[in-house]
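*Asks:* The structure is given below, and queries will be raised subsequently.
Just so it is clear, none of the values below were taken in a lab; they were calculated from the coordinates. A quick note: this is a predicted structure, and the numbers were derived from the prediction, not measured. Cβ: placed from backbone, ideal geometry, glycine included. Neighbour counts: every protein chain shown.
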Amino acid sequence: MANINDRGEHPRTMGPAKTEGVSGMAGQVKEKASELVSQAGSRLGGTWEGAKQGVQQAACSVEKTAKNAWEEVQSGAATVSSTAQEALQDFSGFVRRHPVECVAAGFVLGCLCGMAFAARSPADHMTRRMSKSSA
């Protein structure tokens, strides 16, 4: 028959031995998890340092390239400026040596430009079209 102390519990789930085994296993799992987290952290730390160094090297390289490019632009601008000043001085000297020829050339260029604009005048085309349509 049934014992008064028998509550229908299975013998494996009873007693402090089973509780100690579960808590011991939980402690082992916790230690293993801590160990894995620590290993992952150290790996991530190494990766982070490598990435950090790579970014620093890239930034340094970009800085050097930008500095060299800026120096080249400044050098090119100085060269263009000096070349333009020399060309202006040469042209000014040519005009002083040949004033009549330069005035005549300016007059001819002005006439050519005026004739070109007069030939392409939109009013002239409009007048022709209107005269053709009324006839």
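*Asks:* Taking R0 as 30 Å, what FRET efficiency do you get between residue 79 and residue 102 from their Cβ-Cβ distance, rounded to the nearest 0.05?
*Replies:* Details: r = 28 Å, r/R0 = 0.93.
The computed FRET efficiency comes out at 0.60.
*Asks:* Once R0 is set to 41 Å, what does the formula 1/(1 + (r/R0)^6) return for the Cβ-Cβ distance between residue 26 and residue 56, expressed as a FRET efficiency to the nearest 0.05?
*Replies:* About 0.40, to the nearest 0.05.
*Asks:* Still on this structure: Can you sort 102, 60 from fewest to most other Cβ atoms within 10 Å of each residue's own Cβ?
*Replies:* So the residues, fewest neighbours to most, are 60, 102.
*Asks:* Nearest 0.05, what FRET efficiency do residue 119 and residue 90 give at R0 = 41 Å with Cβ-Cβ as r?
*Replies:* Taking R0 as 41 Å, the efficiency between residue 119 and residue 90 is 0.75.
*Asks:* How large is ³J(HN,Hα) for each residue in the range 52-66, as worked out from phi by the Karplus curve 6.51 cos²θ - 1.76 cosθ + 1.60 (θ = phi - 60°), to whole Hz, x for Gly and Pro?
*Replies:* These are the phi-based 3J(HN,Hα) values: 4, 5, x, 5, 5, 5, 5, 5, 5, 5, 5, 4, 5, 5, 5 Hz.
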